[in-house]
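The values are calculated or read from the model by the stated rules, or taken from the named source; none is laboratory data. No experiment lies behind these values; they were computed from the predicted model shown. In this analysis, Cβ positions are derived from the backbone assuming ideal geometry, glycine residues included, and neighbour counts consider all displayed protein chains. For accessibility, only protein heavy atoms count, side chains too; no ligands or nucleic acids. Shrake-Rupley method; radii C 1.70, N 1.55, O 1.52, S 1.80 Å.
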Amino acid sequence: MNVCFLAEGRRQRRDVVFLLDGSDATRNGFPAMKEFVQKMVEKLEVAENRDRVSVVQYSRDPEAHFYLNTYTTKEEILDGVRGLRHKGGRPLYTGAALQYVRDNVFTASSGSRRLEGVPQILVLLSGGRSFDSVEAAASSLKELGILTFGIGSRGSDSRELQRISYDPNYALSVSDFSELPNVQEQLLASVQSVSIPITPTTPTVTGTRMAELYNTLCFVYLLDVPTLFTNSLDS
């Protein structure tokens, strides 16, 4: 497949979605999860034409606290994160939550710029094993080129996190959510590094029109993880 690389000097933009496990099992760890999101947002370059952020919380049902186009300033997003309240509930349906963000958050109407070539990043924080299958939803996210990073605590299933993540090396484990600062810099550095080419879904066209669309839509993600994600997961 041919790949069209962007010029290095182009200003980077990202659409970043945080998917937080708000089930009963994470009640004690939720403040640390919120702080982790706040610290990540503080490091991003939030603006209408730069980085956009969305936060979704789930347990039995997912709930979007705000979408990618809800806020346009860093302070608005930080205020939104500070105001998060633990959802609670059980069981944990991670598969349904992944499908929800795929269908309702990574969309143009919710502020996603996927078809403009903007990197789409999903950061999942999970404290337990899903009661539903994650396979179909995880595959669907990968097909769209959405880069999913899974971070789990001791109660999560490391193999499940690897299946959810865009690449198994994108899955991280902490013994407790209070240890999230230990992986924060690794995650942030990865979000700001490597190149993964993706082709967005487009209508079937032929001839010169295809060439025009190719020139318009081919793009590259700037993410690099090989040396950063070296944490070993439970076997």
(request) Report the percentage of all Cα-Cα pairs in segment 52-111 whose separation exceeds 19 Å, rounded to a whole percent. (result) 33 percent
(request) Report, in cubic angstrom per residue, the convex hull volume of the C-alpha atoms of segment 8-143. (result) 101 Å³
(request) Compute the distance in nm between two label points, each set 7 Å from the Cα along the Cα-to-Cβ direction, one at S139 and one at D176. (result) 3.9 nm
(message) At 0.36 nm per residue, and after removing the present C-alpha to C-alpha distance, how many nm does the segment from Q38 to T73 gain when stretched out fully?
(response) 11.3 nm
(message) Testing the spin-label approximation: label points 7 Å from Cα along Cα→Cβ at A108 and A189. State their distance in nm.
(response) 3.8 nm
(request) Starting from the Cα gyration tensor of segment 78-201, multiply each eigenvalue by 5, take the square root, and state the resulting semi-axes largest first in whole Å. (result) 22, 17, 16
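Using a probe radius of 1.4 Å on heavy atoms only, what accessible surface per residue do you get for segment 66-159? Whole Å² is fine.
On the way: 3780 Å² over 94 residues.
Each residue of segment 66-159 exposes 40 Å² on average to a 1.4 Å probe.
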(request) Go through M40, T107, S126 and say which Cα lies farthest out towards the positive end of the charge dipole of segment 1-140; charges sit on Cβ, +1 for Lys and Arg, -1 for Asp and Glu. (result) M40
(request) Note down the net charge around L44, summing +1 for each Lys or Arg and -1 for each Asp or Glu among other residues with Cβ under 12 Å from its Cβ. (result) +3
